[in-house]
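Got a structure for you, questions after.
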Amino acid sequence: MGSLGFAAVPAAPDSIRQRLARRTLELIDVPSVSRGEQRLAAHVLEALRAGGVTCRDAGDTCVLAGATQRSSRPLVLLAGHLDTVPEQGNLPGAIVDDRVVGLGAADMKGADAVMIELALALAGRQTAVDVGFVFFGREELAFTESALSPLLAREPGLAEADLAIVMEPTANALQLGCLGNLNATWTFRGRAGHSARPWLADNAIHRAAAGIGALAQIEHVEHRFGGLTYTEVVSVTTIAGGVAQNVVPDRVVAQLNYRFPPGRSAPEAEAQVRAWCEPYGSLEITGIAPSGRVVEGNPLVEALRAAGAGAVAAKQAWTPVAEFGLVGVDALNFGPGDPAYAHRGDEEISVDALATSFAVLERFVCG
């Protein structure tokens, strides 16, 4: 037996494809909208224990299994969040032909199922690396609410990992790094008045139009890291204002989202947005999630590619790769879910994708 701490369990009589599909459906049917993951965390813990896997409740909706600190061999962590976005009429789930449909299928209960089944399958087997499994909650909320960063602080052994594979939906491609994510409230202030005498007022909507129009002229900017392209973008995502048809409004509020590339710090991102916005209105930063550094020169990444992972691409979104990066752990994104189905009412994942992800990771950890 390797040093993973797994106990031997008998092989299941059905195929891995069937087990992955059933496990995904089982996880979907345990509701776990953000801040309501406790029941699913307990369910995952019980499933691992029932299979003889060394695991423990790590507190605050987190479950750890396998290796949780480095030995004489490289340590690889597989990480998956347990929470989902709110239900959109997509519970309970179902297996339809070769697809599992339902809330969280793609993002990311299919990946959680792969992690559980891989932990069970590694029982009693020699592996090329030590493997740890990290399940955590509240990823779908603001970065400051994630259960992962506090877990990394409580469990310093995890920061010794040589690579963390965050199993966000990538359709089994390797996606490196991630964009930073800044949210802000942009307030435009004027002076209210009668719409019959607008020269006596100061129209906040007109002020907003000028500011938002200027922001809309800012072009997308491409940044290259390690041969990959990350696109810097800024968008106004909501706007609200006005009192009545005969009132010139004195206040308009817009919400803004800015995605910034690896290599740009959170303070730099904030300064950039303020330079764009504050000539037109006041800006309140409501949240900043840091960008994730791009892994370069890590031989384990090449080993994962050799095991059959898909083409390497940039991650044009934010993921917990950034949280691992903050504690010095090389991390990348690789998971079976198709990003096109994430957060949709018709969310689904193919059994082929689940099986491919499982096979790639099994080859990778077993060398």
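Among V365, V253, V351, which is the only one that is β-branched (V, I, T) and closer than 28 Å to A147 by Cα? Talk me through it step by step, then tell me what you get.
Details: V253 fails: closer than 28 Å to A147 by Cα; V351 fails: closer than 28 Å to A147 by Cα.
Among V365, V253, V351, only V365 is β-branched (V, I, T) and closer than 28 Å to A147 by Cα.
Provide a single number: the residues in region 76-93 that are surrounded by 23 or more Cβ atoms within 10 Å (Cβ to Cβ) and farther than 15 Å from A106 by Cβ.
4
Which of the residues that make up region 135-160 are part of a loop (DSSP other than H, G, I, E, B) and acidic (D, E)?
Just the residues of region 135-160 that are part of a loop (DSSP other than H, G, I, E, B), to begin with: 137-142, 146-147, 155.
Passing the criteria: E139, E140, E155.
Across region 117-142, which residue is surrounded by the fewest Cβ atoms within 10 Å (Cβ to Cβ) among those that are more than 15 Å from R70 (Cβ to Cβ) and of a type outside the set (A, V, I, L, M, F, W, C)? Give the steps one after another, and end with the answer.
We begin by selecting, within region 117-142, every residue more than 15 Å from R70 (Cβ to Cβ); these are 117-126, 133, 135-142.
Applying the additional criterion that residues be of a type outside the set (A, V, I, L, M, F, W, C) yields 117, 124-126, 137-140.
Details: E117: 23, G124: 13, R125: 14, Q126: 11, G137: 26, R138: 23, E139: 25, E140: 21.
Only one residue tops the list, namely Q126.
Kindly list the number of the only condition in (1) among the aliphatic types (A, V, I, L, M); (2) in contact (Cβ under 8 Å) with a residue 60 or more places away in the chain; (3) in contact with a Lys or Arg (Cβ under 6 Å, 6 or more places away or on another chain) that fails for A204.
Going through the list (1) among the aliphatic types (A, V, I, L, M); (2) in contact (Cβ under 8 Å) with a residue 60 or more places away in the chain; (3) in contact with a Lys or Arg (Cβ under 6 Å, 6 or more places away or on another chain), A204 breaks only (2).
Test each condition in (1) among the aliphatic types (A, V, I, L, M); (2) over 25 Å from V129 (Cα atoms); (3) surrounded by fewer than 19 Cβ atoms within 10 Å (Cβ to Cβ) for A314 and report the one that comes out false.
Against the list (1) among the aliphatic types (A, V, I, L, M); (2) over 25 Å from V129 (Cα atoms); (3) surrounded by fewer than 19 Cβ atoms within 10 Å (Cβ to Cβ), A314 comes up short only on (3).
Of the conditions (1) within 20 Å of the chain's Cα centre (by Cα); (2) surrounded by fewer than 21 Cβ atoms within 10 Å (Cβ to Cβ); (3) among the small types (G, A, S), A359 clears all except one; give me its number.
(1)
Specify which of the listed residues (A196, A204) is surrounded by 15 or more Cβ atoms within 10 Å (Cβ to Cβ), over 20 Å from the mean Cα position of the chain (by Cα) and over 23 Å from S291 (Cβ atoms). Break it down into steps so the answer makes sense when it comes.
Numbers: A196 fails: surrounded by 15 or more Cβ atoms within 10 Å (Cβ to Cβ).
Residue meeting the stated conditions: A204.
Another question, if that's okay. For region 272-295, what are the residues that are small (G, A, S) and either under 25 Å from G328 (Cβ atoms) or not in a helix (DSSP H, G or I) (or both)? Spell out how you get there, then give the answer.
To start, the set of residues in region 272-295 that are small (G, A, S) comprises 275, 281-282, 287, 289, 291-292.
Those that are small (G, A, S) and either under 25 Å from G328 (Cβ atoms) or not in a helix (DSSP H, G or I) (or both): G281, S282, G287, A289, S291, G292.
Taking the criterion of being more than 21 Å from the chain's Cα centre (by Cα), in contact (Cβ under 8 Å) with a residue 12 or more places away in the chain and either under 15 Å from S350 (Cβ atoms) or surrounded by 15 or more Cβ atoms within 10 Å (Cβ to Cβ) (or both), would at least one residue in region 97-107 satisfy it? Give the derivation first.
Looking only at region 97-107, we keep the residues that are more than 21 Å from the chain's Cα centre (by Cα), and these are 97-99.
Then drop every residue that is not in contact (Cβ under 8 Å) with a residue 12 or more places away in the chain, which leaves 98-99.
From what's left, either under 15 Å from S350 (Cβ atoms) or surrounded by 15 or more Cβ atoms within 10 Å (Cβ to Cβ) (or both): 98-99.
Within region 97-107, one or more residues are more than 21 Å from the chain's Cα centre (by Cα), in contact (Cβ under 8 Å) with a residue 12 or more places away in the chain and either under 15 Å from S350 (Cβ atoms) or surrounded by 15 or more Cβ atoms within 10 Å (Cβ to Cβ) (or both).
Right, something else. What are the pairs, 6+ residues apart or on separate chains, where a residue within region 45-71 that is without any contact (Cβ under 8 Å) to a residue 60 or more places away in the chain and on the phi > 0 side of the Ramachandran plot has its Cβ under 7 Å from a residue that is among the hydroxyl-bearing types (S, T, Y) and surrounded by fewer than 16 Cβ atoms within 10 Å (Cβ to Cβ)?
none
A further question on this structure: Please count how many residues of region 207-228 are in a helix (DSSP H, G or I) and under 30 Å from R293 (Cβ atoms). Steps first, please.
In the first step, residues of region 207-228 are kept if they are in a helix (DSSP H, G or I); the result is 207-216.
Remaining after also requiring under 30 Å from R293 (Cβ atoms): 215.
Of the residues in region 207-228, 1 are in a helix (DSSP H, G or I) and under 30 Å from R293 (Cβ atoms).
Ok, one more. Which of (1) of a type in the set (V, I, T); (2) more than 17 Å from G281 (Cβ to Cβ); (3) buried (at least 16 other Cβ atoms within 10 Å of the Cβ) does V236 not meet, given it meets every other one?
Here V236 meets the rest and fails (2).
What strands (runs of 3 or more DSSP E) completely inside region 56-134 contain at least 3 residues that are assigned by TED's automatic domain parsing to the domain that holds G345 and under 21 Å from T170 (Cβ atoms)? Break it down into steps so the answer makes sense when it comes.
Working: elements: 62-66, 75-81, 94-96, 99-101.
It comes to 75-81, 99-101.
Assigned to a strand (DSSP E or B), in contact with a Leu (Cβ under 7 Å, 6 or more places away or on another chain) and of a type outside the set (S, T, Y): is that true of V252 in this structure? If you could, list the steps in order and put the result at the bottom.
Values: assigned to a strand (DSSP E or B): yes; in contact with a Leu (Cβ under 7 Å, 6 or more places away or on another chain): no; of a type outside the set (S, T, Y): yes.
In short, no.
The values are calculated or read from the model by the stated rules, or taken from the named source; none is laboratory data. Computed from a prediction, not measured in an experiment: that's the story for all the values here. Cβ coordinates were reconstructed from backbone atoms using ideal geometry, including for glycine residues, and neighbour counts include every protein chain displayed.
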